[in-house]
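Everything below concerns the one structure shown next.
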Amino acid sequence: MLFTSQEEDDTTYSEMILQQVDVFQAEEIEAGANGGGKAGMVQHVSLLLSPQDAVTLTNARQQGEIDLMMNPWNGEQTEVSPVSLTPQGESE
């Protein structure tokens with residue numbers, strides 16, 4: 001899982017927070033326009049997490065955005081360095 005946040009100085013920060021997470025269930029749910037929401041499809045993914053991983057994921061969701069990426073299971077975790085992008089100055 002990838003965590004991304006935008007800092008106050010407009011720097012975008014991304015970091016891999018969880019790897020090799022088991023997916024319990026994945027489904028698409030039709031969302032209606034009832035209650036003021038947008039109509040369309042919502043993807044719902046249930047994960048099997050340890051209590052510590054659940055805390056990590058919840059904190060990341062509160063602080064920024066999370067993205068779930070599927071990768072082939074090879075039994076090993078990959079070392080991924082965090083990335084920080086600073087917006088470039090405006091050209092005159």
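Derivation of every value follows stated rules applied to the coordinates shown; laboratory data play no part. Keep in mind that this is a model prediction, so the values were computed, not measured. We place every Cβ from the backbone using ideal geometry, glycine too, and count neighbours over all the protein chains shown.
Computed from phi, the 3J(HN,Hα) profile of region 20-30 under the Karplus parametrisation 6.51, -1.76, 1.60 (θ = phi - 60°) reads 6, 8, 7, 8, 7, 7, 10, 8, 10, 10, 6 Hz, with x in place of Gly and Pro.
Fully extending the segment from Asp67 to Leu85, taken as 0.36 nm per residue of separation minus the present Cα-Cα distance, adds 4.7 nm.
Local charge sum around Leu2 (other residues, Cβ-Cβ under 10 Å, Lys/Arg +1, Asp/Glu -1)? Don't skip to the end; give the middle numbers.
Details: positive: none; negative: Glu15, Glu65, Asp67.
Result for the local shell: -3.
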